[in-house]
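The values are calculated or read from the model by the stated rules, or taken from the named source; none is laboratory data. Keep in mind that this is a model prediction, so the values were computed, not measured. Heads up, the Cβs are rebuilt from the backbone with ideal geometry, glycines too, and the neighbour counts pull from every protein chain shown. Note: accessible area is taken over every heavy atom of the protein model, side chains too, but ligands, DNA and RNA are not part of it. Shrake-Rupley method; radii C 1.70, N 1.55, O 1.52, S 1.80 Å.
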Amino acid sequence: QVQLVESGGGLVQAGGSLRLSCAASGRTFSGNIMAWFRRAPGKEREFVAAISGSGGRTTYADSVKGRFTISRDNAKNTVYLQMTNLKPEDTAVYYCAADRTAWVSSQYSYWGQGTQVTVSS
């Protein structure tokens, strides 16, 4: 099995920055598409960003384009989400996900437990 553990969440003021990390273990990290999703209170889970196995392709939700950057370090089996210019509406539990073929869909095979990001006004 693949285990994903998110870290780096916390409380930040609007306009601030935060970097989330997702450490993967188990098997075949570089062969997986990695993604970030988030779920805000009272809202459904939504796609945030995804990155291909090699890191050569990325895609983002329109709401975070220009502010968030997804990256990966396959040598460290870790994917990152660098968040800048954070807004209160970014407040959510952020989840890391992995799959061999999924891209923007929510049909990822593996999920982390999530890390809370709270952005104050």
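Ser63 meets all of the listed conditions (1) in contact with an Asp or Glu (Cβ under 9 Å, 6 or more places away or on another chain); (2) in a loop (DSSP other than H, G, I, E, B); (3) touching a residue at least 40 places away in the same chain (Cβ under 8 Å) but one, namely (3). Of the strands (runs of 3 or more DSSP E) that lie entirely inside the stretch 75-121, those containing 1 or more residues that are within 20 Å of Gly55 (Cα to Cα), of a type in the set (Ser, Thr, Tyr) and touching a residue at least 24 places away in the same chain (Cβ under 8 Å) span 78-83, 92-99. Can you name every residue in the stretch 34-52 that is farther than 11 Å from Tyr80 by Cα, surrounded by 20 or more Cβ atoms within 10 Å (Cβ to Cβ) and of a type in the set (A, V, I, L, M)? Residue satisfying the conditions is Val48 alone.
Annotation: of all residues in the stretch 35-81 being more than 11 Å from the chain's Cα centre (by Cα) and among the aliphatic types (A, V, I, L, M), the one that is farthest from Gly15 (Cα to Cα) is Ala75. Pairs linking a residue in the stretch 1-21 that is open to solvent by less than 40 Å² (accessible area, probe 1.4 Å) to a residue that is of a type in the set (D, E, K, R) and assigned to a strand (DSSP E or B), with Cβ atoms under 8 Å and 6 or more positions apart or on different chains, are Gly8/Arg19; Leu20/Glu6; Ser21/Glu6.
Looking only at the stretch 53-103, residues that are at pLDDT 95 or above, of a type in the set (Gly, Ala, Ser) and surrounded by fewer than 18 Cβ atoms within 10 Å (Cβ to Cβ) come to 4 in all. Scan the stretch 20-29 and tell me whether some residue there is modelled with pLDDT of 95 or more, assigned to a strand (DSSP E or B) and hydroxyl-bearing (Ser, Thr, Tyr). The answer is yes, given that some residue of the stretch 20-29 is modelled with pLDDT of 95 or more, assigned to a strand (DSSP E or B) and hydroxyl-bearing (Ser, Thr, Tyr).
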